[in-house]
Amino acid sequence: MLTFINTATISGLKTIKIQVEVDLTRGKPQLIIIGLPSKSIEESKERITTALINSNIRPKSQRTIVNLAPADIQKKGSGFDLAISVGILKAYEKILIETKDAMFFGELSLSGRVKKITGLLPLVIAAKEMKIKNVFIPFDNRNEVILISNINIYPVKHLNDLILKTEKELPTKIKKIKYEKIISSKRSLHFKIDFADIYGQKLAKRSLEIAAAGGHNVLLIGPPGAGKSMMAKALSSILPPLTEKEAIETTKIYSVAGLLKNEIIIDRPFRSPHHTITRAGMIGGGSQITPGEISLAHRGILFLDEFSEFPKSVLESLRQPMEDNVISISRATGSIEYPSDFTLIAASNPCPCGYKNSEVKECICNNHMLDQYKKRISGPIFDRIDLVVFVKAIEIKKISDHHLSLNEASENIRKRIIKTRDIQLTRYVDTDLITNSQLNSKQVRRYCKLSTKADQLLKKASNKLVISTRSYFKIIKVAQTIADLEYGNCNTNKTNFINESHVAEALQYRKISF
């Protein structure tokens, strides 16, 4: 008897439909799997056979051939176990439900229990796009797909949940929950570091507020102990929650990477890799071509502390994803693309000893050491950073005399940023854009309107500072975010026009260099 069961596999974030063909023929009783299966799929023969026995199903004394079509695509992972088992059970006439418009995903234990798999969310989304009616998933993956509507999703605990069951006897379908309800029930506004906990550093705080509002890259330069790392970590407390679309995008990446904790991600990621990270760890790769830190920071923050200490090859690998918001990884086995739309927050000392231009301690670095240190960050990388801020050390006397109650709390800043983000979402409603930082040069000319004086100031400063074309457009995008912050949080009827003061503030973040 020949049966057909639908399932799918993942290549990066792309999904490929796989049809499991099962045929029972005369011959030596054995289970044969063909169609370019990996080692993990080959081993599934023993798992499936034992799981059937422990589910009170006696394997028939026939030759069972399983073909995974199309046969020219390499199949990897243990997520095919449930589909293969259902195909065999259907051939045994032990499956009563209709499987033509259904997909099955899950790994089997020897007892017949259906175990959790990685990368389920993109599989279910793809099933919906393929007009599949029913999807059967592991019970432990259920919270991962609660936002997916218009498809019947059945969480399965054990193989016995499907054996000889009718449609009415199937496990209870997962009910879609509104994203707003998840946000209200799970998001916590209590963070380890609040902006109110940071002494002074008014300019640096302002730059981080602009970065959070418009998705701009920031470089903080300053001596040790000035608070660079603390401010970067406090940035999470002023970021708005992910939109539903962004939450699904981010959760897909973590699902594929196997880092998902059985729930949808609602807070923007904050990734802080150590400066000893490898190039593959940063951009992605390895034998399985898994997502790297830049993809795990998608729609969130990539914080690189001790920026100048990262290997130059690692920093240079950021150039293309910082520009295109996507990383393409090519290997002999194929090419995979992952999204990488992150906001870079970098922190660096101004020199090897850390005290160049310091008012507190004398720098002991010679000119050769300074030149070598400066070369660690190339011009193209520096050119891709929107805001550069020098962070001065705070005097102990000022700290002891300062009252934290005078500082603005993260909650108030966050409210301003949410209003500013809403302005941008409204402006770019007919596009895929979310923040000002994503604009290309053509879109800058379309959406960013400068006053006559602002345009004259920008042209004059461009000639004096000798900035690149990329920097020119970055200044306009930063100025647009500054304008959005101003107009979005005042009771006026002004439009989001970029005036002279907005450009002047954006320009001050381009003057500092090593």
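Bear in mind that the values in this text are calculations on the coordinates, not laboratory data. Not measured: the values here are computed from a predicted model. Cβ: placed from backbone, ideal geometry, glycine included. Neighbour counts: every protein chain shown.
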## Note on the structure
Quick calc, segment 186-508, dipole around Cα centre from Cβ unit charges on Lys, Arg (+) and Asp, Glu (-), nearest 20 debye, gives 500 debye
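Can you tally the net charge around Arg319? Count Lys and Arg as +1, Asp and Glu as -1, for every other residue whose Cβ sits under 10 Å from the Cβ of Arg319.
So the environment of Arg319 carries a net charge of -3.
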### Task
Describe numerically, in nm with one decimal, the distance between label points set 7 Å from Cα along Cα→Cβ at Ser287 and at Lys60.
3.8 nm
### Loop-located GluC sites (Glu not before Pro) in segment 64-129 whose Cβ has at most 11 other Cβ within 10 Å (DSSP)
Glu93, Glu98
### Task
Using every Cα-Cα pair within segment 2-169, state what percent have a distance larger than 20 Å.
46 percent
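Tell me the relative contact order for segment 308-437 as a rounded percent, counting alpha carbon contacts under 8 Å between residues six or more apart.
18 percent
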### Over 27 Å between alpha carbons, listed pairs Lys233/Lys442; Lys202/Lys233; Lys375/Lys474; Lys157/Lys252
Lys233/Lys442
### Query
Roughly speaking, what % of Cα-Cα pairs in the chain are separated by over 33 Å, rounded to a whole number?
50 percent
### Query
How far is it, in nm, from the label point at Ile396 to the one at Ser149 when both lie 7 Å from their Cα along the line to the Cβ?
6.0 nm
### Two-site label geometry, Glu98 and Asp23: point separation in nm, points 7 Å out along Cα→Cβ
2.7 nm
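Pulled fully out, how much extra length does the chain show between Ser40 and Leu203, if you take 0.36 nm times their separation in residues and subtract their Cα-Cα distance?
Net length gain for the segment: 53.2 nm.
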### Query
Could you give the length gained on full extension between Ser111 and Lys168, defined as 0.36 nm per residue of separation minus the Cα-Cα distance, in nm?
18.0 nm
### Query
Cα atoms only, segment 1-64: Rg and Dmax in Å?
13.5, 40
### Query
Exactly which trypsin sites (Lys or Arg not before Pro) in segment 1-50 are in a DSSP loop and have at most 16 other Cβ atoms within 10 Å?
Arg26
### Task
Enumerate the calculated ³J(HN,Hα) couplings along segment 130-139 in order (Karplus 6.51 cos²θ - 1.76 cosθ + 1.60, θ = phi - 60°), each rounded to whole Hz, writing x wherever the residue is Gly or Pro.
7, 6, 6, 7, 10, 10, 10, 10, x, 4
### Message
Per residue of segment 425-434, what does 6.51 cos²θ - 1.76 cosθ + 1.60 with θ = phi - 60° give for ³J(HN,Hα)? Whole Hz please, x for Gly and Pro, Karplus curve as stated.
### Response
4, 5, 5, 9, 4, 8, 10, 8, 6, 10
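Between Lys511 and Ile16, how high is the FRET efficiency from 1/(1 + (r/R0)^6) when r is the Cβ-Cβ distance and R₀ = 60 Å? Nearest 0.05.
Efficiency for this residue pair is about 0.75.
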### Task
Determine which residues of segment 452-480 fall in the zone a paramagnetic label at Asp383 would reach in this model, i.e. backbone nitrogen under 18 Å from the point 7 Å along Cα→Cβ.
462-478
#### Entry: Total formal charge among the other residues, if their Cβ is under 13 angstrom from that of Ile381, Lys/Arg +1 and Asp/Glu -1
+3
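Arranged from highest to lowest average of other beta-carbon atoms within 10 Å per residue, in what order do the peptides 281-293, 297-309, 416-428 appear?
Working: 281-293: 19.9, 297-309: 22.2, 416-428: 18.2.
Ranking the peptides 281-293, 297-309, 416-428 by packing returns 297-309, 281-293, 416-428.
If packing is taken as the mean number of other Cβ atoms within 10 Å per residue, what is the order of 116-124, 334-342, highest first?
116-124, 334-342
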### Query
Just how far, in whole angstrom, is segment 109-173 from segment 37-75 if you go by their alpha carbon centroids?
20 Å
### Task
Determine the gain in length on full extension of the stretch Ile183-Asp455; use 0.36 nm per residue of separation and subtract their C-alpha separation, reporting nm with one decimal.
93.8 nm
## Note on the structure
Which residues qualify? For Gly284, with a placed amide H closer than 5 Å and at least 5 residues away or on another chain, they are Gly292, Glu293
